[in-house]
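What follows is one structure encoded as structure tokens, with my remarks underneath.
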Amino acid sequence: MGAAMADVEGSRKQKCPDGTPCEAEALTSITTSGKPSSSRRRKPEKSDKLITLKAMVDGAGTTPRAVRLYEAEKLIAAAQRSIGGHRLFDAAELDKLRLIIDLRACGFSIEEIRELLAARQTSPSKESALALQALLTRHIASLRRKLSLITELGREFQSAVVTLDQCATCDDPRGKEACASCDVLLGENTPRCIRFL
């Protein structure tokens, strides 16, 4: 009877991957440090490499809609889904998302961003390096033109702010009627954004 009970208790003991009986504590350490067992395969392991949609949104300072858009455009991709069906992303996708957002803020189109990312993903070779270099050089020239324009518009807007300050302190008794013939608003040196906007 005692031997039979020992056999039953032995069969209830958890077994290590090599088939030998082992303590629960030892099995836990093997499971967490090695591959997950088949019964837990669907549950993602806690890892710094996988992040949630919320972490993507917070980390890039964007919206869930924007993340879904870039995912639909195949610029970023979810690595897998959690057991609850939530998308999980590789941490590298967050850096890529930040780059995409910066490029969009600088006026790059979806197609231009796709071209840049595709050039980066080609097999490393002298030819692909030269192609990427030429592509980036072209975009650098475009960014410099945009930067020059933005700088000029910044100066113009600043001048407009100063001009509008004169309007805010105007004490002409004619009120709005005075604006129709005001040199401050209609002069040759008046910023375009005041004359035409």
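So LEU132 clears everything in (1) assigned to a helix (DSSP H, G or I); (2) under 30 Å from THR52 (Cα atoms); (3) touching a Lys or Arg at 6+ places or on another chain (Cβ under 8 Å) except one condition, right? Which one?
(2) is the only condition that LEU132 fails.
Mind listing whichever residues of segment 181-195 are of a type in the set (Ser, Thr, Tyr) and either in a helix (DSSP H, G or I) or closer than 19 Å to ASP171 by Cβ (or both)?
Hit for segment 181-195 is SER181, nothing else.
Can you pull out the residues in segment 72-92 that are surrounded by 15 or more Cβ atoms within 10 Å (Cβ to Cβ) and closer than 27 Å to LYS146 by Cβ? Please lay out each step first, then the result.
Within segment 72-92, the subset surrounded by 15 or more Cβ atoms within 10 Å (Cβ to Cβ) is 75-76, 78-79, 87-91.
Scanning segment 72-92 gives LEU75, ILE76.
Out of GLU111, GLU115, report the one residue that is without any contact (Cβ under 8 Å) to a residue 60 or more places away in the chain, surrounded by 13 or more Cβ atoms within 10 Å (Cβ to Cβ) and either closer than 30 Å to LEU69 by Cβ or touching a helix residue (DSSP H, G or I) at 6+ places or on another chain (Cβ under 8 Å) (or both).
After applying the criteria, what remains is GLU115.
Picking from SER128, SER123, which residue would you name as being touching a Ser or Thr at 6+ places or on another chain (Cβ under 7 Å) and either at pLDDT below 85 or not assigned by TED's automatic domain parsing to the domain that holds LYS54 (or both)?
After ruling out the rest, the residue left standing is SER128.
Can you tell me which residue among SER128, SER142 is surrounded by 12 or more Cβ atoms within 10 Å (Cβ to Cβ), of a type in the set (Gly, Ala, Ser), farther than 21 Å from THR63 by Cα and within 24 Å of the chain's Cα centre (by Cα)?
SER142 is the lone residue from the list that is surrounded by 12 or more Cβ atoms within 10 Å (Cβ to Cβ), of a type in the set (Gly, Ala, Ser), farther than 21 Å from THR63 by Cα and within 24 Å of the chain's Cα centre (by Cα).
Restricting to segment 52-68, and then to whatever is at pLDDT 95 or above and of a type in the set (S, T, N, Q), can you tell me which residue is nearest to SER82 (Cα to Cα)?
Here the answer is THR63.
Kindly indicate whether ARG114 is modelled with pLDDT under 90 and either of a type outside the set (A, V, I, L, M, F, W, C) or not in a helix (DSSP H, G or I) (or both).
no
Out of all the residues in segment 166-176, which are surrounded by 10 or more Cβ atoms within 10 Å (Cβ to Cβ) and part of a helix (DSSP H, G or I)?
Going residue by residue through segment 166-176, those that are surrounded by 10 or more Cβ atoms within 10 Å (Cβ to Cβ) are 166-167, 170, 172, 174.
GLN166, CYS167 - these are the residues of segment 166-176 that are surrounded by 10 or more Cβ atoms within 10 Å (Cβ to Cβ) and part of a helix (DSSP H, G or I).
The values are calculated or read from the model by the stated rules, or taken from the named source; none is laboratory data. Because the structure is a prediction, the values reported are computed rather than measured. In this analysis, Cβ positions are derived from the backbone assuming ideal geometry, glycine residues included, and neighbour counts consider all displayed protein chains.
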